[in-house]
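The values are calculated or read from the model by the stated rules, or taken from the named source; none is laboratory data. Everything quoted here is computed from the prediction, not taken from an experiment. Note: ideal-geometry Cβ built from the backbone for every residue, glycine included; neighbour counts use all protein chains shown. Heavy atoms of the whole protein, side chains included, go into the accessibility calculation; ligands, DNA and RNA do not. Shrake-Rupley method; radii C 1.70, N 1.55, O 1.52, S 1.80 Å.
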Amino acid sequence: MTAEQAHTPDEPLTIGEMSRRTGVAPSALHFYESLGLIASTRTPGNQRRYARHMLRRVSLITVAKNLGLPLSEVKDAFADVPLTQTPSHEDWARASRRWKRELEKRREGIERLERELTGCIGCGCLSMKACGLLNPDDALGTQGAGALRLRDDG
Ligand code: FES
């Protein structure tokens, strides 16, 4: 019997066990913890212990990373999911709805980029005024007239 098999279902996991179960390096687990994406408790000997519901968080972080999503979006999606107690089904369902809305926005942005890219490839004018890719939504137009990317701060 391995040390991991000796655990009861509610017994927290060591960082080594978390790493083995999720395939995520201990250093990455430390990083996720520093960002507040996961949490641990400490033993009297100051060793980390992870509640088992952290496995799902780490797995979702890995999925998000594989999809190229920034950790800030993961944090937003996890905002209402409790860290210090086992999340309910409704907690995860709420996080899923929130995440889906973000993904939908991202998908719309990519589709818009795709449409504009097709036009730009045929155009090539690189106009700050006309090109939706160089200046999406005329973002620089709100800062006044003229070229604003180069400034004399001296
Ligand atoms: S390059 Fe001309 S519109 Fe984008």
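Restricting attention to the range 80-95, report how many residues are open to solvent by 50 Å² or more (accessible area, probe 1.4 Å) and in a helix (DSSP H, G or I).
Result for the range 80-95: 3.
Testing Arg48 on (1) crowded, with 16+ Cβ neighbours inside 10 Å; (2) free of Cβ contacts under 8 Å to residues at least 24 places away in the same chain; (3) in the same structural domain as Pro26 (by TED's automatic domain parsing), one condition comes back false. Which one is that?
Only one criterion in (1) crowded, with 16+ Cβ neighbours inside 10 Å; (2) free of Cβ contacts under 8 Å to residues at least 24 places away in the same chain; (3) in the same structural domain as Pro26 (by TED's automatic domain parsing) is unmet by Arg48, namely (2).
I'd like the full set of residues that are within 9 Å of the ligand (Cβ to nearest atom) and either open to solvent by less than 70 Å² (accessible area, probe 1.4 Å) or at pLDDT 90 or above (or both), limited to the range 102-121. Even if it seems obvious, please write down each step before you answer.
We begin by selecting, within the range 102-121, every residue within 9 Å of the ligand (Cβ to nearest atom); these are 116-117, 119-121.
Correct list: Glu116, Gly119, Cys120.
Looking at (1) within 30 Å of Pro136 (Cα to Cα); (2) crowded, with 16+ Cβ neighbours inside 10 Å; (3) touching a Leu at 6+ places or on another chain (Cβ under 7 Å), which one does Trp99 not meet, given that it meets all the others?
Here Trp99 meets the rest and fails (3).
Any idea how many residues of the range 52-79 are open to solvent by 40 Å² or more (accessible area, probe 1.4 Å) and either outside the structural domain of Pro26 (by TED's automatic domain parsing) or part of a loop (DSSP other than H, G, I, E, B) (or both)?
Residues meeting the conditions: 5.
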